[in-house]
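Comments concern the structure below.
Here, each number is a calculation from the coordinates, and none is a lab measurement. In this text the structure is predicted, and so the values were computed from the model without any measurement. As a convention, Cβ positions derive from the backbone with ideal geometry for all residues, glycine included, and neighbour counts pool all protein chains shown.
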Amino acid sequence: MGQDCCLYANGERHLYPSIAKAHEAAEQFICFKVDLRLEYLFETTGADFWAYEYNQNKWVPS
């Protein structure tokens, strides 16, 4: 199985087979308000990095 997404939690790198799995894993870190960033490991026409914005409670392109 390929790795489609990388989650960085306070600089620690975690690979996931899907964006959904990476988002699910990220939810475990949100309560600790750590620096969260997602990187898509495939070609996309949109943003390939997303950061969790705590003030807005959502993922935003980075």
Handout entry: Overall form of the chain per C-alpha gyration tensor (a/c, 1.5; a/b vs b/c)
Key = oblate
Practice task
Could you size up the charge dipole of the stretch 5-61 around its Cα centre, putting +1 on the beta carbon of Lys and Arg and -1 on that of Asp and Glu, and report it in debye to the nearest 20?
Solution key: 120 debye
Exercise for the section: Tell me what the chain gives for mean residue ellipticity at 222 nm when only DSSP H runs of n ≥ 4 count, each as -39,500 (n - 2.57), the sum divided by the residue total, rounded to 500 deg cm²/dmol. Expected result: -6000 deg cm²/dmol
Handout entry: Contour excess over end-to-end distance, with Cα ends at Asp35 and Ile19 and 0.36 nm allotted per residue
Key = 4.0 nm
Handout entry: With Cα atoms, 0 to 90° folded angle of helix 19-30 axis to the chain main axis
Key = 20 degrees
